[in-house]
1. Measure up K32/K68; K48/K93; K48/K95; K68/K95; K48/K68; K36/K61 against 22 Å on the Cα-Cα distance and list the ones that go over.
2. For M44, M141, what's the fewest-to-most ordering of other Cβ within 10 Å of each Cβ?
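Please treat every number below as a calculation from the coordinates, not as lab data. In this text, all values refer to a predicted model and were calculated from it rather than measured experimentally. All Cβ positions, even for glycine, are placed from backbone atoms using ideal geometry, and neighbour counts span all protein chains on display.
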Amino acid sequence: MSVERKNADPDRILVERARGGDTRAFDELIVKYSPKLYGLIYNMTSNKEDTHDVLQDVFAKAYRSLNKFKGNSSFYTWIYAIATNMTLNFLKKRKRRVAQSLDEVDSGIQNDPAFVDVSNVANPRQQSDVHTLQEKLNEAMMRLSDDHRAVVTMFDIQGLPHAEISRVLGVSEGTVRSRLFYAHRLLQGYLQEFLPEKAGI
């Protein structure tokens, strides 16, 4: 028994404790996975307030649904799928609620203190260039469809492999590759006018 316990998935142990009413166990899972889930949601919504709201809802739903976690995948894949689906649903509601202009979108994840790279603070020119590029990338990302933005966020920003994205979205790996290919072509097109200008600096 002790050997099994020793070799058990730490997340699985925390889930079992949380199912038994140990809220501190679930808090550990929140602390562990908040940064990556925050990054996922923020890159898809490009709005800090929306991100915090959706993230809270994700953890609340995950906690209520712990008994539905069967362990067929890792806990991370399971909660990542919840976060992705809830974010996509949120974006659909937001589009119906108001046609959001690019001016209303945060200028980029670089404005969030949790994601600021301080390495360029001493170099104002480089910092300005990075800021401008981030703004253009952010605008281009927001012009993608929700589904295409999701795969770009998971693959290019968060580094998930095709197989993991396939499991999270519930689509084939071929569909993931197809969406990535199409999204990359769209991004290149959106950034075309900007990139030559930067190259000539």
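1. On the way: K32/K68 20 Å; K48/K93 17 Å; K48/K95 17 Å; K68/K95 30 Å; K48/K68 30 Å; K36/K61 17 Å.
Violating the 22 Å limit, Cα to Cα: K68/K95; K48/K68.
2. Values: M44 27, M141 24.
Fewest-to-most ranking of M44, M141: M141, M44.
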